[in-house]
Amino acid sequence: MSNAILVLFAHPALQRSRVQRALAKAVRDLEGVTFHDLYEAYPDFDVDVAREQALLAAHDVVVLQHPLYWYAAPPLVKQWFDLVLEHGWAYGARGTALVGKRFLCAVSAGGDEAAYCAEGENRFSLRQLLAPVEQTARLCGMEFLDPFVVYGTHALGEDEIEAAAAAYAARLGALRGAER
Amino acid sequence: MQTGFFFQALVYLCAAVVAVPIARRLGLGSVLGYLLAGAAIGPFALGLVGREGADVLHFAEVGVVMMLFLIGLELEAVRLWALRGALLGLGGIQVVATSLAIGVTALALGAEWRVALVAGLVLALSSTAIALQSLREKGLARTDAGERAFAVLLFQDLAVIPMLVLLPLLGAHAAGAGGAAHGATAIDALPAWGRALATLAAVAAIVLAGRFVVPPLFRAVARSGVREAFTAAALLLVVAIVLLMQSVGLSPALGTFLGGVVLASSEFRHELEGDIEPFKGLLLGLFFLSVGASIDFGVVAANGASVAALVVGLVAVKAAVLLALGRAARLSAEQNLLFAAALAQGGEFAFVLFSLAAQGGVLAPEEADLLVATVALSMAATPLLLLGWERAVRPRFGARRAAREPDAIDREGPVILAGFGAFGSIVGRFLLANGVETVVLDADSDHVALMRGFGIRAYYGDASREELLRAAGAERARLLIVATGSLETMRKVIHTAKHDFPKLRVAARARSRVEAYELLDAGADAIYRASLDTALRSGADALRALGFPAYHAHRAAQRFRRHDEASWRELAAVRRDERVFQSRARESLQLLERLLREERDVPDPVDDNAWDAASLRAERARRDATDC
Ligand SMILES: Cc1cc2nc3c(=O)[nH]c(=O)nc-3n(C[C@H](O)[C@H](O)[C@H](O)COP(=O)(O)O)c2cc1C
């Protein structure tokens, strides 16, 4: 009764990444986790809709892992949403393929946690900024879980990054066993 | 009188050379010029050609036969199908209504029922040669009226086939009664139904041979690669059909017409058209000349009043039916008058059909003569009617110009692809897969046959010929993609296209940098270097194999391509000055050297600041340091 987890990973320049690379490394070989690197699969943005839908259908938990760029996901994620979540499949009267699955955002942000609130520099909480994604998951009948966030990446040292990666792996491990 | 071939030829050519320019200068159009010249040199005026009473048309049989072959070639099945509505609606009603009107009038005037029937059917036909030639010459072929007229003429051409089969059945006389023109032939010994059957059999033979025997033969000739051999084969075909038809006592015109119809759907259509096109104008001229010469002024003079009445009556009845039809088809008044003027004459088939009817004893020889003279005069009236339309009708309808916008969906296909080799076949398959109508021209007849097997519109021929490009629809096509075998042919194709169809956009594939320069100089609007994308793709894959992220490799390849295209364009200008005394191989080497030198100095073509957070981190570190 363990849950199958699909990690949709999006980073356009992995060779420059510190945080996301560590997060990815921590979960990519976990049992029950399918790690799917979108920029590696679709460098030309030509998303294979059938393949993506089959992957989604075969998993119980969908994790969207990416760095926060301009308060949102890198553009391939948007392309992926637009193409894969088809009416009549993901939503609409007969679109029930995703109903009952769980959806987790795993995000890293350069800004500190303190900056992500009404009084802070960024004026909105990260949860608020993720509202479009949250609503997308809801519309498809998925449960939107409390996001996993690594804040303040610019100031993180190696140890802190490792700690964040371990926390991320633990979070996925918990999801794997967790009942709805 | 001199009757030698060269003398005859001299007379015809002189007549054409003198009369046609004069007629055009006077605004009468070349058709009327030919007709008048023909009448002047004919047996009934100067008497330079043909003896009185002899069949002048006989000399011009080549002209008629060739013209009908060409008309047949235009009747491509696809095109007929596209026009089926107009064909059946306009054409069908025109033929039936006009036949009825003329037949009933003839009956009322006391003609025998068979005479009335034959006259009605045959006179319902109009002259494709005269109508189309005049409309094209005046630039009116693509008007509403012009296109309707084309549909009607097509239907009439098809209606000739059953008429030719049915005519012998009406024969009043027993076997052997006719055959005056061609002497006794095998077919004259048959009873009427036998002759109808024989006609059907000949039609079937031509259709079957055209479908199954001729294409393989043409393919074999085409493989030899000698263009003259192909032209010879085309002429041979026409001559063979003529002899075959004559030997069984049938109309050669019908035979070649059918031959044309059958070959219209074959891959050789455009090449045949291209081969015969240069002769076409002359042959048509010869035909018009002989129509003029055949007007029997003896008959006309003897029956002045009745000939005049017949001509006026014929034109009036035909015009009345056409006007009614045009109204029903919602033509504007101006276009409707043009439609009627263009088609209100007897057709060239009348000569064939009336002589057939005379041979079969349906018509008395004098009746046939009278009718033939009527038809010839009605043909001569057409250019005058059109002139009248131009002078009197059109000006009243203001400047609303005739030529309308070309159709959004082109019959002729918006893309012409020259060369279906390694490169062309990919482009072609891609376009076809995307539902783009593509006309393929290829110099390999096996290739062409294969493609046709899959329903691709492919034609055999040399794409650098203006006629072939025209026949493939270059005037209306939006794009020509050149991907033929040798650089020389590609240059010729581009040159022809740019010269004769300046509006056509030309894209060319180049197999090397130097070739790309040559094609650019030849005038191509866009150049596609064949190995560029593939080479960069394999380069990108090499990066991936070494562990570069896919997206990085992808962007690196794209960036490199942009750089390469830019430097290629830059060098194009420089090259023109330096090139003069160089060989291609030497030039290629120099280009490469120059590129390598430039690229050595670019450390990492993709290493920009994309998604780099390093400076952000540094700034943050500075801030933290000052905060403490
Ligand atoms: C183009 C770009 C836009 C960014 N926009 C934001 C942003 O809007 N908010 C934020 O907190 N951090 C932003 N950052 C910082 C990244 O989120 C941070 O560098 C990343 O999460 C670190 O992960 P990595 O080391 O795996 O690249 C941005 C970085 C880049 C390169």
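The values are calculated or read from the model by the stated rules, or taken from the named source; none is laboratory data. In this text the structure is predicted, and so the values were computed from the model without any measurement. All Cβ positions, glycine included, derive from the backbone under ideal geometry; neighbour counts span all protein chains shown. Areas reflect the complete protein model, heavy atoms only, side chains present, ligands, DNA and RNA absent. Shrake-Rupley method; radii C 1.70, N 1.55, O 1.52, S 1.80 Å.
General remarks:
- Where a residue in the stretch A:140-153 is away from chain B (no Cβ under 14 Å) and its partner, wherever it lies, is more than 16 Å from the ligand (Cβ to nearest atom) and open to solvent by 40 Å² or more (accessible area, probe 1.4 Å), with Cβ under 7 Å and at least six apart: A:CYS140/A:TYR91; A:GLY141/A:THR96; A:GLY141/A:VAL99; A:PHE144/A:ARG138; A:PHE148/A:ARG171
- Residues of the stretch B:308-344 satisfying the condition of being assigned to a loop (DSSP other than H, G, I, E, B), within 19 Å of B:GLY91 (Cβ to Cβ) and modelled with pLDDT under 90: B:ALA329, B:ARG330, B:LEU331
- Selected residue (only one of B:GLY435, B:GLY428, B:GLY455 is in a loop (DSSP other than H, G, I, E, B) and farther than 14 Å from B:SER265 by Cβ): B:GLY435
- The lone exception for B:ALA305 - which of (1) closer than 18 Å to B:ILE93 by Cβ; (2) loosely packed, with under 14 Cβ neighbours inside 10 Å it fails: (1)
- From the list A:ALA24, A:ALA114, A:ALA10, A:ALA73, the one residue that fits, being among the hydrophobic types (A, V, I, L, M, F, W, C) and out of contact with any strand residue (DSSP E or B) (no Cβ under 7 Å at 6 or more places or on another chain), is A:ALA114.
- Residue match in the stretch B:478-497 (condition: in contact with a Pro (Cβ under 6 Å, 6 or more places away or on another chain) and either open to solvent by 20 Å² or more (accessible area, probe 1.4 Å) or at pLDDT 85 or above (or both)): yes
- Meets criteria (surrounded by 14 or more Cβ atoms within 10 Å (Cβ to Cβ), within 16 Å of the ligand (Cβ to nearest atom) and within 14 Å of chain B (Cβ to nearest Cβ)) for A:LEU126: no
- Residues of the stretch A:154-170 that are without any contact (Cβ under 8 Å) to a residue 24 or more places away in the chain and more than 17 Å from the chain's Cα centre (by Cα): A:GLY157, A:GLU158, A:ASP159, A:GLU160, A:ALA163.
- From the list B:ALA124, B:ALA174, the one residue that fits, being modelled with pLDDT of 80 or more and small (Gly, Ala, Ser), is B:ALA124.
- Check on B:SER332, over 29 Å from B:VAL238 (Cα atoms) and not hydrophobic (A, V, I, L, M, F, W, C): yes
- Of note, A:LYS101 does not satisfy the criterion of being basic (Lys, Arg), open to solvent by 10 Å² or more (accessible area, probe 1.4 Å) and within 16 Å of the ligand (Cβ to nearest atom).
- Flag set for A:THR34, criterion: surrounded by fewer than 16 Cβ atoms within 10 Å (Cβ to Cβ) and in contact with a His (Cβ under 7 Å, 6 or more places away or on another chain).
- Matching residues in the stretch A:54-75 - criterion: being within 16 Å of the ligand (Cβ to nearest atom), surrounded by 22 or more Cβ atoms within 10 Å (Cβ to Cβ) and aliphatic (A, V, I, L, M): A:VAL63, A:LEU64, A:LEU68, A:ALA73
- Which numbered condition B:TYR551 fails, given (1) crowded, with 19+ Cβ neighbours inside 10 Å; (2) part of a loop (DSSP other than H, G, I, E, B): (2)
- With respect to the stated conditions, B:ALA508 fails to be modelled with pLDDT under 85 and crowded, with 21+ Cβ neighbours inside 10 Å.
- Residue tally, condition farther than 18 Å from B:GLY428 by Cα and either under 27 Å from the mean Cα position of the chain (by Cα) or not in a helix (DSSP H, G or I) (or both), over the stretch B:512-535: 4
Here is a yes/no grid of residues against (1) surrounded by 18 or more Cβ atoms within 10 Å (Cβ to Cβ); (2) touching a strand residue (DSSP E or B) at 6+ places or on another chain (Cβ under 6 Å); (3) in a loop (DSSP other than H, G, I, E, B):
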| residue | (1), (2), (3) |
| --- | --- |
| A:GLY141 | no, no, yes |
| A:HIS154 | yes, no, no |
| A:GLU162 | no, no, no |
| A:ALA165 | yes, no, no |
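- Meets criteria (within 14 Å of another protein chain (Cβ to nearest Cβ) and either out of contact with any helix residue (DSSP H, G or I) (no Cβ under 6 Å at 6 or more places or on another chain) or at negative phi (or both)) for A:GLY177: no
- Filter result for B:GLY388 (open to solvent by 60 Å² or more (accessible area, probe 1.4 Å) and at pLDDT 80 or above): no
- Among the residues of the stretch B:207-227, the ones that are part of a helix (DSSP H, G or I) and either free of Cβ contacts under 8 Å to residues at least 60 places away in the same chain or within 19 Å of B:MET245 (Cβ to Cβ) (or both) come to 13 in all.
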